[in-house]
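The values are calculated or read from the model by the stated rules, or taken from the named source; none is laboratory data. Since we're looking at a predicted model, the values are computed, not measured. Reconstructed Cβ throughout: ideal geometry from the backbone, glycine too, with neighbour counts over all protein chains shown.
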Amino acid sequence: MKVVSVSDKGLVRANNEDCLSVFSVGRDDCFVIADGMGGHAAGELASRTAVDYVMQSLNDYLYEADDPQKLLKLLSFTLEKANVKVYLASLGSFRYRGMGTTLTVAVLRDGVLYISHIGDCRIYRLHGQKMNVITKDHTLVQDLVDAGLITEAQAAVHPNKNYITRALGVAEKVEIDFSEFTFAENERILLCSDGLTNFVTEDKIAEILASDDCGGIHGSDQSGSDPEPSERDGEFPDGHSRGI
C-alpha cells in the first residue's frame, strides 16, 4: 500500500490549524486528520492535542484490540478521551476558550477500514472511476440538505456552510459516528479537510484521484513528514490537508 500526505496553511492564516498523521501499529495502518477552530493559536492547539492523543492511544492499546468489536471500543474510548483533553486545554487559558477541532480517524486492518468521525473532514472512496464520500459532515448545511430544505448545490454556496454542529473539545460530552467497510484491492481512499473540499469540486477531486500518479496531489511518503508546498498548494486560500 502506498500512502502520501500533505498539509499547508494556505494564504489566509499565519498558522496551520490542520493536523494529520499517518502511522502503523503492527499490522494496522492508521490515519488521523483534524481541523482546529478557535482563532489565533487555539485551532492549531486543538487539532494538535487531539491528533497527539490519538497517536498515543493507538500506539499503546491497538495491539490489545484484537477483534473488530474491541477495535471499535478502542476508537470510541480514544475519541472520548481526546475530547476531554481538548476541552480541559480550552479551560486552561482565556485565549483558548471555545476552541475545538474536527477529528476523523481510520484504521485499516485485514482489508477493513474502521472509521470514527466528528466534524466536516471527509473520507472519499474511489472504486474504478466512481467516487463517493463515506463520512457525513456534521454541519448546519448538511442538516438542511438532509431535511430537504436546500439542495447540495445550494449548500455549496450557503453563507453558513462552515458552521459546525459537532466538534471535539467544545463540551464535556461528544457524539461520534462509527462505520466500517471492506477496502477492495486497487481502491483509493482520500482523507481531507474542508480547506480542500471548499475550493475543489468533487468531480475534479475524483479526476485527480483516479489518475495513474494522483497527479496534482503532492505529498510525502508514509513517514508523514510535510513537503514543501507546491504552487498548486499555495493557491488555496484556507489551510488544507489530505492523505491518500
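Here are the numbers for this structure:
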quantity	calculated
Any hit, the range 197-211, residues being assigned to a strand (DSSP E or B) and modelled with pLDDT of 55 or more	no
Residue tally, condition without any contact (Cβ under 8 Å) to a residue 40 or more places away in the chain and more than 15 Å from D177 (Cβ to Cβ), over the range 76-96	7
Pick from the range 7-25, criterion farther than 15 Å from A106 by Cα and modelled with pLDDT of 75 or more, ranking: surrounded by the fewest Cβ atoms within 10 Å (Cβ to Cβ)	E17
Search result, residues across the range 92-121 that are closer than 16 Å to G43 by Cβ and either assigned to a helix (DSSP H, G or I) or over 15 Å from the mean Cα position of the chain (by Cα) (or both)	G92, S93, F94, R95, Y96, R97, G98, M99
Count of the range 176-186 residues which are modelled with pLDDT of 95 or more and part of a loop (DSSP other than H, G, I, E, B)	1
